[in-house]
1. As I understand it, the value is the acute angle between the Cα axis of helix 370-380 and the longest principal axis of the Cα atoms of the chain; what does it come to in degrees, rounded to 10?
2. In debye to the nearest 20, how big a dipole does the chain give about its Cα centre with +1 on each Lys and Arg Cβ and -1 on each Asp and Glu Cβ?
3. Just to be sure I understand, if you calculate percent of Cα pairs over 31 Å apart for this structure, which of (1) 42; (2) 58; (3) 46 do you get?
4. Mind checking which lysines have their C-alpha under 20 Å from Lys100, skipping anything on the same chain fewer than 8 residues away?
5. Any of Lys326/Lys389; Lys64/Lys375; Lys264/Lys418 with alpha carbons more than 20 Å apart? Name them for me.
6. Cα centroid distance between the stretch 293-309 and the stretch 9-49, in Å?
7. Quote to one decimal, in nm, the extra length available between Tyr379 and Ile206 on full extension: 0.36 nm per residue of separation minus the C-alpha distance between them.
8. Go ahead and estimate [θ] at 222 nm for the chain from helices alone: -39,500 (n - 2.57) per DSSP H run with n ≥ 4, summed, over the residue count, rounded to 500.
Amino acid sequence: MEIKKIACIGAGYVGGPTMSVIAQKNPNIQVTVVDLNSARIDAWNSDNLEELPVYEPGLDTVVKEARGRNLFFSTEIEKAISEADMIFISVNTPTKTYGKGKGQAADLKFIELCARQIADVATSTKIIVEKSTIPVRTAATIKSILDHTGKGVQFHVLSNPEFLAEGTAIPDLQNPDRILIGGEDEGAIQALKSIYEAWVPSERIISTNLWSSELSKLVANAFLAQRVSSINSISELCEVTGANVDEVAHAIGQDSRIGSKFLKASVGFGGSCFQKDLLNLVYIARSYNLNEVANYWEQVILINDHQKTRFAEKIIRSMYNTVNGKKIAFLGWAFKKNTNDTRESAAIYVADHLLDEQANIAVYDPKVQENQIFKDLDYLATRSSEENKSLLKVVNDPYEAAQDAHGLAILTEWDVFKDLDWKRIKDSMKKPAFVFDGRKLLDRKKLEGLGFVYYAIGE
């Protein structure tokens, strides 16, 4: 089956960048990204490429090249579905906040709504590609909805999980280490494979059955998250024994059986994938009464939560066991550098803990908007929106954040923070001036030489 038109439902962190690169590499295929959120679509269509709703280094260049040529962003979902040969489903699958599986299972309501809309609109053969992170056997659900339309339309469902790292999504898409396609129909698999073969060597494209593909995504993120939580658990041991976690990580990372990736200690992992996928894996294991398996993977999450809590407690203890009325500067709110994504960011939970102690927080992040920061805090429902706004302030300058602060915390590893005038910051802060480096970003000798009281995780 020759693919001439592609539709992608969902213009978020996965759908937008992925379709932009597919359009860039396949100029003869029309790619339309659709979303119900008209403000988001307007941002994707903005003449000012700095206003794109997703910040990824290099994304603006890709969008500029393909947009208007064969890449389009629209709110006309039904039209895009009707015309497309292949439809990517790239909608959010958050962790359920209600009912059975609350707090662990993935909420599939948006996936089901997409499937029902496709079933209602489609009048010709379609290839449906799961791009969202979903539980094992979701494809069976989608196929069941599609096959019971009564219209006799033929649907082929494929699983094509994304393995992007936010902040490096464009190079990850342009030079992936593998593409995974799960499916039962060989013709549909080949059609999707041919799209990727426009720039990806065929030996990097792996074909599996549907269920293996779906599970592989969850397991890949679970293994990566496990490494982060493992080294973070060791960081606490390092602090009480006098070892240095960076030195430990370097030593074990040289072991070829282990490797060096994801052995960077920090205040904890965030983002939309790790925690959500781990919780989903735990839920699946429990649903099959595999309680020991579930307990094992749940511990990875618990260690991550503990890392955030103990970082906040370290701030409180260091500042003479009280932060009430004290100003604390936060540098960074995004869950990692080079993205404006704040989902499950460690900064949210550290801030929440400190606000409970009546601290005054000033936040600076180069890419995260003020309304998003307050939305993140309000979502926790720990206190009223008014109280959050009275205790926390968002500023547009790191030096303003640090002015008259009792302490400063690094919550996101933005490279620009390394190049700040730290003497100027020290001179503007209350004394003693505390720096709490949750990302191990700064040079201890330099900071201590300037007179800071410096703390870094795992030292």
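Since every read-out is calculated from the coordinates, none of them should be taken as a lab result. The structure displayed is predicted, hence computed values, not measured ones. All Cβ positions, glycine included, derive from the backbone under ideal geometry; neighbour counts span all protein chains shown.
1. 90 degrees
2. Dipole about the Cα centre, nearest 20: 480 debye.
3. From the options (1) 42; (2) 58; (3) 46, the structure gives (3).
4. Candidates past the 8-residue exclusion: Lys109, Lys276.
5. Lys64/Lys375
6. 35 Å
7. Answer, rounded to one decimal: 58.4 nm.
8. -13500 deg cm²/dmol
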